[in-house]
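Input: a single structure, listed below in structure tokens.
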Amino acid sequence: MRCRSTYTPAVHRYDADTEALGQAVLDYARHRLRMDPVPLDGPRTPAELDEVAGATITAKGLGGAAALDLFTTELAPACISTDHPRFLSFIPCAPTEASTLFDLVVGASALYAGSWLEGAGAVHAENAALRWVADLAGLPDTAGGVFVPGGTIGNLSALVAARHTARARRAGEEPRRWAVAGTAQAHSSIKSACDVMDVDFLGVPGDERGRLTGENLRRTVEAAGVDGLFAVVATAGTTNFGIIDDLASVAEACAELGAWFHVDGAYGGAGLAAPSIRGMYEGIERADSFIVDPHKWLFAPFDCCALLYRDPSLARAAHTQRAGYLDVLSEAGDWNPADYSIGLTRRARGLPLWFSLATHGTDAYTEAVERTLDVCRYAAAEIERRDYVELLREPDTSVVVFRRVGWKPQQYQRWSDRLLLANFAFVVPTTHEGETVTRFAIVNPRTTEADISSILDTMA
Ligand SMILES: *Cc1c(COP(=O)(O)O)cnc(C)c1O
């Protein structure tokens, strides 16, 4: 006879099977971490995956061993390893060993990091990591924020706080249209945030180096006659080219225009940790809000964006959710991370970064970022040296964009497909002013000069 009061359903029982499965899962995780290099791998079609995977969700279940085996032998190899040293497309991900290991701990701990009441210890540690980022940017001691899933949510949350602040200041007097200004190089997530918020995006022409400047900003705002400009987005490292806007002059213009100064450093903000390029970020210390994705160039696993506000109370006013069942949280006066962004429930996604920083110290981060910059400079020099490739622009950060002289778009695509199929490298074409070119985004300290040379050799 089963005793009801002590009955635990099978899925929540920790028994000998669970023990064995735990060993197998941890063994696989350890094996994946040790691989050097990891296989690059690549996608398969839905039909191919249907064939090898079959029906996986069934009434009785496959059993953990079979499900894990299916994942490791068929599904995982159908995912490109974003941490492969020759994955240079989009923005790769190169988490430190310590951060990946701690992601396992976060997963095992059922942490709720939306409120101080529930997650004080985790939130305390996340805040220490946020403080390091704030110090890199030179934000005041009163700055603070939250780790959100990515730059898209970070940008949207910051812009929502900016408009909320502008609205409060105007005390009910709405403009014809609210507007955000930035260059055409601003990330697609900015335009997407404008759509979500139903506000206009005012495109400002870049200077001769493609940067947003205070002068161009002033001129464009005057000419457009916008009455509802509430925020300006400067990019500290554009995704396609790694361009850093002229933050100091933009900060000055924002102060004159009475606009919120948001700096999108989702990719490039990590360069703040590198003394060799820190000078290009001058003016960032005046930002009203700032984001950087540690899952891009700060060696944290997905998904992790640090969102910081100069005055967090403005964000809290915009984002705090009110409900009877939440009163116990909102009335306590604690630091509740959920008050600073879109979203309520949150994983303690800043903890892997915190653990790695605590383990290695910040100097190790400076060294790792500088290493990627060295390899990027090598890539630029190699491209200059070889006569069949041409650099489009001297890199500001760690993105190198270049053309293969004489190639048509299909040739870039065929070359890119061939490299992936050979399990050698993942480098995709991109476009610039209508021309198909290609680019290396170098954020993985394991990427070497030899990797760069061997990829360039394949274009000869
Ligand atoms: C990647 C990126 C984003 C979007 O970040 P996600 O984490 O992908 O949502 C925003 N801005 C810039 C400059 C980026 O490089």
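The values are calculated or read from the model by the stated rules, or taken from the named source; none is laboratory data. Model, not experiment: these values are computed from the prediction. Reconstructed Cβ throughout: ideal geometry from the backbone, glycine too, with neighbour counts over all protein chains shown. Each accessible area value is taken on the protein alone, full model and side chains, heavy atoms only, with ligands, DNA and RNA left out. Shrake-Rupley method; radii C 1.70, N 1.55, O 1.52, S 1.80 Å.
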Would you please classify the overall shape of segment 103-360 from the alpha carbon gyration tensor, given that a ≥ b ≥ c denote the square roots of the eigenvalues, rounded means a/c under 1.5, and beyond that prolate means a/b larger than b/c while oblate covers the rest? oblate
Please work out whether the chain counts as rounded, prolate or oblate from its C-alpha gyration tensor, where a ≥ b ≥ c are the square roots of the eigenvalues and a/c under 1.5 means rounded, while otherwise a/b larger than b/c means prolate and anything else oblate? oblate
If packing is taken as the average number of other Cβ atoms within 10 Å across a peptide's residues, how do 301-310, 218-227 rank, most packed first? 301-310, 218-227
Expected vector for segment 22-27, Karplus 3J(HN,Hα) from phi with 6.51, -1.76, 1.60 and θ = phi - 60°, integer Hz, x for Gly and Pro, equals x, 4, 5, 5, 5, 4
In what sequence, highest mean first, do 283-293, 439-449, 136-146, 422-432 appear when ranked by Cβ atoms within 10 angstrom? 283-293, 439-449, 136-146, 422-432
Sequence neighbours fewer than 8 away in the same chain don't count; with that in mind, list the lysines whose C-alpha is under 22 Å from LYS296. LYS191
Report, in deg cm²/dmol and to the nearest 500, the calculated mean residue ellipticity at 222 nm for the chain, where each DSSP H run with n ≥ 4 adds -39500 (n - 2.57) and the sum is divided by the residue count. -13000 deg cm²/dmol
In what sequence, highest mean first, do 38-51, 357-370 appear when ranked by Cβ atoms within 10 angstrom? 357-370, 38-51
Could you pull out every residue, at least 5 positions away or on a different chain, whose amide H is within less than 5 Å of the one on ARG310? Hs are placed 1.01 Å off N in the peptide plane, and Pro or chain starts have none. SER289
Quantify how much of the Cα-Cα distance distribution of segment 364-457 extends past 23 Å, in percent. 21 percent
Which value, in Å² rounded to 10, gives the accessible area of LEU353 with a 1.4 Å probe and all protein chains present? 0 Å²
Compute the length gained on full extension between ALA255 and LEU26: take 0.36 nm times their separation in residues and subtract their Cα-Cα distance, giving the result in nm to one decimal. 77.2 nm
Run down the aspartates and glutamates and flag those whose C-alpha is under 14 Å from the C-alpha of LYS408, throwing out any fewer than 8 positions away in its chain. GLU435
So SER188 and ASP327, fully extended at 0.36 nm per residue minus their Cα-Cα distance, gain in nm 46.4 nm
Computed on Cα atoms, Rg of segment 91-148 relative to 2.2 N^0.38 Å comes out at 1.29
